[in-house]
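Before any comments, here is the structure.
Every read-out reported here was derived from the displayed coordinates using simple, explicitly stated rules and does not represent laboratory data. Because the structure is a prediction, the values reported are computed rather than measured. A quick note on method: Cβ atoms are made from the backbone with ideal geometry, for glycine too, and the neighbour counts reach across all protein chains shown.
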Amino acid sequence: MLIPVILSGGAGTRLWPTSRHHLPKPFMTLGDNALLSQAIERGLACGTDDVLIVTNQDYLWLTKHLMRHLPDEPRATYLLEPKGRNTAPAVALAALACLKSHGPDAIMLILPADHLIPDTESFVANVLEATRHAQQGQLVTFGISPTVPEIGFGYIEVEKPARTTQKALRFVEKPDLATAQEYLATGRYYWNSGMFCFSAGAILKAFEIHSPEVLEAAKKAMASSTTADGITKFDHHDFGMQPDISIDYAVMERADNVTLVPAKFAWSDVGAWPAVAKAHTADANGNTFIDDVVSVDTHHTHVQVESHTPKIVATVGVQDLVIVDTPDALLVAHKHAAQKVKSVVDALKHRKHESTQLPAIVDRPWGTYAALKEEPGYKVKRITVEPGQSLSLQYHHHRAEHWVVVQGTAIVQVGDVEHKTLPGQYRYIPLGEKHRLTNVGRDELVLIEVQIGDYLGEDDIVRLNDIYGRV
């Protein structure tokens, strides 16, 4: 039995301002679907109806929302991490879960959730080849044939320059440029894709031999976990005792039964904005414009706009730029310096700036909200609530709120009184008063909220009751 294991983490800081802490890279849309949706569909294309997703506990409802919009929603189980702990603990926990549910011969296909692989047919063919080796006890990795002397990837060495399945001789870390050029010239090195295939029994045996401390910590974390409705949650302390180490360091670099299957499909880890640009079709001048752009004497430039209202972007006399405009942040970067976007995020985190945490349009289990305007003393937001959904019963210490329904039918609870509220009608929420908003109509509810107070942060919410378990 083949079980796709989707590792859905990674902050994607080099893709700021689109990727944020609360909406990281796996949830970015590239093409028609989010990268996470594409990873799930790739795994299912290999001939299975089951998928195991390892993700942060804060992303569960976002992931379930994506799952509901897949053409055929799979049978999914979840391992919810209370904090990031790298890929070795994630794989060890997934292997223990697969062992318990499917036995030691279950084949695990480890797939990061943030890769772009357009050619599903070739991907499936490679997975079938990898599965055959995994059934023989091998730890299989997928190598990407390098096209340039890339210094941002790790490499895997094989014995001879033949694009065939071979024993992996060694894993090497990200090289300097001269070393990367040497690797490319020999033809014996592949980029490390971070995708793997092995049986649950084989990888657990490898952990026992090469990283017993990782396995023991994973067993303790699993022993104190709780599982209900296919969702496993971990004790925060026991989970945090696991070593912060990658599967490459913990096992793959040390094991002697590692087989490399050369990828016959195009691949990108979408690590920075130039990779996003390459994923789109360029015009005659090499530009990739995702939105309406007026360009004059512009070459090899990527522009995308995420705005609450229609916006024109004009470029004149520029080249090799990345321009990403969101409602609360604007990035202008040279493509050659795109890796340094992470430094921008680090600086903003030091300032405790909200733009590193929340996207301009914030998804919630009940719908979305977006800040339209904010100045000292007030904030204006647009709130949408899906049919049948409800915000938590809550109150605020520092702000009062004014609500105007512009679309749909709402029940607005203020104190202990519920008010049916239609488009054009208004409700006032005094400071400190408990309140709740519910969509009782068949269509999306749209509401304009004006907050008035001395502090307008998102953490000024005291939940009294919540249907999504966030109290």
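Here are the numbers for the structure shown:
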item: Long-range amide H partners of residue 109 with built H, under 5 Å; result: 3, 5
item: Net charge over other residues, Cβ less than 10 angstrom from the Cβ of residue 180 (K, R count +1; D, E count -1); result: -2
item: Under Karplus coefficients 6.51, -1.76 and 1.60, residue-wise ³J(HN,Hα) of segment 311-316 in Hz, glycine/proline x; result: 9, 9, 10, 10, 10, 9
item: Environment charge of residue 254, counting only residues whose C-beta is closer than 11 Å and scoring Lys/Arg +1, Asp/Glu -1; result: -2
item: Entries of 25/167; 25/64; 349/379; 167/335 with Cα pairs more than 25 Å apart; result: 25/167; 167/335
item: Sites residue 236 and residue 342 - FRET efficiency at Förster radius 25 Å, r taken between beta-carbons, to 0.05; result: 0.35
item: Ranked by how many other beta carbons lie within 10 Å on average, peptides 135-143, 395-403 from highest; result: 135-143, 395-403
item: Environment charge of residue 471, counting only residues whose C-beta is closer than 14 Å and scoring Lys/Arg +1, Asp/Glu -1; result: +3
item: Tilt relative to the chain, helix 177-186 - C-alpha long axis, 0 to 90 degrees, to 10; result: 50 degrees
item: Contour excess over end-to-end distance, with Cα ends at residue 351 and residue 128 and 0.36 nm allotted per residue; result: 75.4 nm
item: Rounded tilt (10° steps) of 120-134 against the dominant C-alpha axis of the chain; result: 50 degrees
item: Estimated 222 nm signal from helices in the chain, with DSSP H stretches of n ≥ 4 weighted -39500 (n - 2.57), rounded to 500; result: -6500 deg cm²/dmol
item: Anisotropy class of segment 302-393 from Cα gyration tensor, a/c 1.5 cut; result: prolate
item: Placed amide H near residue 56: partners under 5 Å, 5+ positions off or other chain; result: 81
item: Note, ³J(HN,Hα) from phi for segment 200-212, Karplus 6.51, -1.76, 1.60, rounded to Hz, x at Gly and Pro; result: 4, x, 5, 6, 5, 5, 5, 4, 4, 7, 9, 9, x
item: Across 174/278; 311/373; 100/219, pairs whose alpha-carbon gap is larger than 18 Å; result: 174/278
item: Relative contact order for the chain, counting Cα pairs under 8 Å that sit 6 or more residues apart, in percent; result: 14 percent
item: Helix axis angle, 341-350 relative to the chain longest principal axis, alpha carbon, degrees; result: 50 degrees
item: Gyration tensor verdict on segment 18-138 (Cα atoms; rounded if a/c is under 1.5, prolate if a/b is larger than b/c, oblate otherwise); result: oblate
item: Inter-part distance where segment 192-253 and segment 98-174 are each reduced to a Cα centre, Å; result: 19 Å
item: Fraction of beta bridges assigned by DSSP in the chain that are antiparallel (%, nearest 5); result: 70 percent
item: Relative contact order (%) - criterion: Cα under 8 Å, at least six apart; region: segment 273-341; result: 26 percent
item: 427, 351 arranged by Cβ crowding within 10 Å, fewest neighbours leading; result: 351, 427
item: Point-to-point label distance, residue 380-residue 292, nm (Cα→Cβ direction, 7 Å offset); result: 2.1 nm
item: Cβ-derived FRET efficiency at R0 25 Å, residue 450 paired with residue 420, nearest 0.05; result: 0.75
item: In order through segment 413-419: 3J(HN,Hα) via Karplus (6.51 cos²θ - 1.76 cosθ + 1.60), integer Hz, x for Gly, Pro; result: 8, 10, x, 9, 10, 9, 10
item: Whole-angstrom gap from segment 301-350 to segment 1-49, using each part's C-alpha centre; result: 22 Å
item: Distant-in-sequence amide H partners of residue 30 (H built 1.01 Å from N, under 5 Å); result: 35
item: Cβ crowding within 10 Å averaged over residues, with 460-470, 14-24, 315-325 ranked highest first; result: 14-24, 315-325, 460-470
item: Mean separation of Cα contacts under 8 Å (6+ apart) over length of segment 365-465, as relative contact order %; result: 39 percent
